[in-house]
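Chemist: Here it is, the structure in full.
The values are calculated or read from the model by the stated rules, or taken from the named source; none is laboratory data. In this text, all values refer to a predicted model and were calculated from it rather than measured experimentally. Cβ atoms come from the backbone with ideal geometry, glycine included; neighbour counts cover every protein chain shown.
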Amino acid sequence: MIKELEIFKLALIESSQRSLQDLPDDKLICDSNSNKFSDKSCEPLIKVLESIPVFANLDGQYFYIPGRMELIKISTIARRLMFRARLFPADVVVTSFISLVQDMKLNFMEVRLLSGIETDKIIDVSESLKILPISEVTKFDFPPEVLSKSSIFHSHESQPSAALVRTRQLSFEILSESIDIDDTNDPRSRLMSDATTYDYWRAALFSILVASDGPIQFQQAYSVVADPGWLSSGCAGWSSGHTIPVWGRKATVLDAEKIATFFDFLSTADKRVLLALSRLQSARLRRNPEDQAIDLGICAEILLMANSNDNAEISYKLATRAAWLIDGGPSTRVATFDAVKNLYNRRSSSVHSGRFWKSKEKDDLMRQKAEISQYDKICCDLLSAIVKRGQFNDEVWKKIILNADDI
């Protein structure tokens, strides 16, 4: 078998090199274009596949995963593998293909394209979830419109700049006859739906949001096969994220080391924490200071007034709790206290008068931006302090404010 594998690899390399004449690299784009590879280019690989019984027997059968079935043709397999060999080392493609045929286990990626941040490295969020630079994402088989510069396709002012990628495994079958692909009783279909749980992706998005200063948001969602040796099309489907253009600013700060910790906490956090962070995200997407002040004020109030039935002197209570929760020493507590009181005042002014500035104050764009940035950072610091304590309830406030954690 070792000799056959070497012949397989050499044939794949030869066919892939021949395919350069049919389709240069800049026209490759996605694996559906592999249909443009000529029969002459495919001939060396097809001959080898037909000479190995375990592969030759696939011809004319069907592969099945929940919601999808496709007739298998050796010529189609050859073209798909040739396409992948243009992106990955030939031995990687061969090993992946053989593993798939033997184990019937397909690795697929759920991809949520992001705007608002850029990264040049892979960031681990959890064991199965990573943040990828956009350069890594393009190695897999997307339809051409995914990375299009046209807002017609992705409804955003800029291309995606990174992606959240979750890797999952799914069993598939090779069948001699076609069957009903709409069988809702197939237990594997539950894996597919569970993999796109709303709260899971929201916790992931908010983890990046708090670890950065950018208006992080999803663009589109895709399911993409991760195995280079997959015997069919690599793109299993896609759907749109936002439907209207939004502000295209990017983060200037990204603390990658905090993302995994935030995600671990937010995955099981009280829903009110996620509600607070949805307001933080909303504030970063706003264009005017009144909206930002209202959103940030609500965010702080949710985080600081959990289960509180006494709303008297609310600005003082918010400021006191924030000062002791964030702590950092006397001078930091005083600065936090003043900033949170100011935030609440800005929120109240925006709600009641429609103005960020009080009547006697003059508009000052630079000061306004500085204040909004300060309030945004305080909301992130509050979440960081809550994550550090591992608690979000009213019982802890007495101990925090009285500095009585040991009691």
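Chemist: For the stretch 218-242, what are the residues that are over 27 Å from ILE74 (Cα atoms) and either modelled with pLDDT under 50 or assigned to a loop (DSSP other than H, G, I, E, B) (or both)?
Modeler: Residues satisfying the conditions are SER239, SER240, GLY241, HIS242.
Chemist: Search the stretch 380-407 for residues being at negative phi, assigned to a loop (DSSP other than H, G, I, E, B) and of a type in the set (S, T, N, Q), and hand back the single one that is modelled with the lowest pLDDT.
Modeler: Within the stretch 380-407, the match that is modelled with the lowest pLDDT is ASN393.
Chemist: Examine the stretch 57-68 for a residue that is in a helix (DSSP H, G or I), touching a helix residue (DSSP H, G or I) at 6+ places or on another chain (Cβ under 6 Å), in the same structural domain as ASP180 (by TED's automatic domain parsing) and farther than 22 Å from LEU170 by Cβ, and state whether such a residue exists.
Modeler: no
Chemist: Another question about this same structure. Mind checking which residues of the stretch 101-116 are over 26 Å from the mean Cα position of the chain (by Cα) and in contact (Cβ under 8 Å) with a residue 12 or more places away in the chain?
Modeler: Passing the criteria: VAL101, MET104.
Per-residue answers, yes or no, for (1) basic (Lys, Arg); (2) assigned to a helix (DSSP H, G or I); (3) at pLDDT 90 or above:
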| position | (1), (2), (3) |
| --- | --- |
| ARG333 | yes, yes, yes |
| ASN342 | no, yes, yes |
| ARG347 | yes, yes, yes |
| TRP357 | no, no, no |
| GLU361 | no, no, no |
| MET366 | no, yes, no |
| ALA370 | no, yes, yes |
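Chemist: Is it fair to say GLN281 is crowded, with 19+ Cβ neighbours inside 10 Å, in contact with a strand residue (DSSP E or B) (Cβ under 8 Å, 6 or more places away or on another chain) and either farther than 28 Å from LEU129 by Cα or at pLDDT 90 or above (or both)?
Modeler: yes
Chemist: Quick one: how many residues across the stretch 154-207 are modelled with pLDDT of 85 or more and assigned to a helix (DSSP H, G or I)?
Modeler: Total meeting the criteria: 8.
Chemist: Hey, could you check the stretch 121-148 for residues that are modelled with pLDDT of 85 or more and touching a helix residue (DSSP H, G or I) at 6+ places or on another chain (Cβ under 8 Å) and say which is surrounded by the most Cβ atoms within 10 Å (Cβ to Cβ)?
Modeler: ILE131
Chemist: Examine the stretch 301-315 for a residue that is more than 19 Å from LEU402 (Cα to Cα) and of a type in the set (D, E, K, R), and state whether such a residue exists.
Modeler: Yes: one or more hits.
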